[in-house]
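Here the structure is laid out as structure tokens; the discussion comes afterwards.
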Amino acid sequence: MRVLALVPGGIERQLAVFPVLSQIQEALAATDIAVVVDPQVKEVYQLSKVVTEVVPYSFQSNNSPADWANLLGIVRDREFEAALTLADSWASGLLLWLSGIPTRVGYAGGANGFFLTSTIPRQGLKPGVHEFDGFLRVLKVAGEPAPLSIQVPQGDLAAVDTMRRVANLGGGYVLVYPGATPTGETYPAASWLPILKDFQQRQPDLPVTLLQTPETVEVITALRENLPNLTVVTPETIGQTAALIAGANLLVSVQGYPLVLAAALGVYALGLSTEPLASSTEADERLVNVVSATGQMADITPEW
């Protein structure tokens, strides 16, 4: 059986569908599972154990007719038997209808009622393990998805081994991700500083290591101006990020995909969040999640 999933959204959204796709692959003996995702997040599927093809397509941009027709051609050529869509635009719905896929499942609303064979109520749903129960029922897949499981490419594991050796992290480290949440909120550098100083004082033999990505360069620069002895690591792929998290004694991160990866990898984590996390992550006994009382990230005091 060949299955297609249209999944707009960021890295967190992609990771949320991993368990569902794995369950579908096992229950339906799916030989091919393809996903259509925004180009900037396609590399996250390097961590998937079941996805066989990733098709980049920008859901938010005004795609040209040629882009849309090219995607339609790809979908038709693969002869999928079932499609799941988390999008509700006219373009996506029409594409699936014209593709001739016999089973087309998505959320109710938008254009989906015109073009899909089954729709699932979206109202009241919260991201997490049970969000996709309706999709699974339509496909006659029983049970709940297993917790998120990922595989890290061997090349990324080897690259991170070298990275840790160069940075003298062989004895362990606290990994810190001072980036933005999925909604774009950040924790101020002035609030990060006392937290990092406290870790250095309490665990002087455990290096505090900052995870540098394009989104964290500015805040890391500010932090190192005050704490120049901080270690910085710069992964080149999502697989290297996962490998760095896997090797850490503790991850400290704002709400976002690093916490999701830590849960999947069984790494102890301290999260700073504006709201309780999805149940699959919150239930992890290795996670302590500090939630802002006001719903604003900046209002979390460094003393907690």
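Residues that are exposed (fewer than 15 other Cβ atoms within 10 Å of the Cβ), modelled with pLDDT under 95 and assigned to a loop (DSSP other than H, G, I, E, B) within the stretch 177-212 comprise T183, G184, P204, D205, listed in sequence order. Each residue in the stretch 103-140 was checked for being modelled with pLDDT of 85 or more and either touching a Cys at 6+ places or on another chain (Cβ under 8 Å) or in a helix (DSSP H, G or I) (or both), and 11 pass. Scanning the stretch 29-70 for residues that are open to solvent by 30 Å² or more (accessible area, probe 1.4 Å) and touching a residue at least 40 places away in the same chain (Cβ under 8 Å) gives D32, E43, Q46, K49, F59, Q60.
When you check V252 against the structure, is it out of contact with any His (no Cβ under 7 Å at 6 or more places or on another chain), under 19 Å from L210 (Cα atoms) and in a strand (DSSP E or B), yes or no? So that I can check it myself, show each step before the final result.
Values: out of contact with any His (no Cβ under 7 Å at 6 or more places or on another chain): yes; under 19 Å from L210 (Cα atoms): yes; in a strand (DSSP E or B): yes.
For V252, the condition - out of contact with any His (no Cβ under 7 Å at 6 or more places or on another chain), under 19 Å from L210 (Cα atoms) and in a strand (DSSP E or B) - is met.
Cβ-Cβ contacts under 6 Å between residues 6 or more apart (or on different chains), taken from a first residue in the stretch 293-304 that is touching a residue at least 60 places away in the same chain (Cβ under 8 Å) to a second residue that is surrounded by 10 or more Cβ atoms within 10 Å (Cβ to Cβ) and in a helix (DSSP H, G or I), are listed as P302/S191; P302/P194; P302/I195.
Is at least one residue of the stretch 14-35 more than 22 Å from A142 (Cα to Cα) and out of contact with any helix residue (DSSP H, G or I) (no Cβ under 8 Å at 6 or more places or on another chain)? The answer is no; no qualifying residue exists.
The residue list V208, V267 contains one member that is of a type outside the set (D, E, K, R) and within 27 Å of P145 (Cα to Cα), which is V267.
The values are calculated or read from the model by the stated rules, or taken from the named source; none is laboratory data. Here the structure is a predicted model, which is why all the values come from computation and not from measurement. Note: ideal-geometry Cβ built from the backbone for every residue, glycine included; neighbour counts use all protein chains shown. Accessible surface areas use protein heavy atoms only, side chains included; no ligands, DNA or RNA. Shrake-Rupley method; radii C 1.70, N 1.55, O 1.52, S 1.80 Å.
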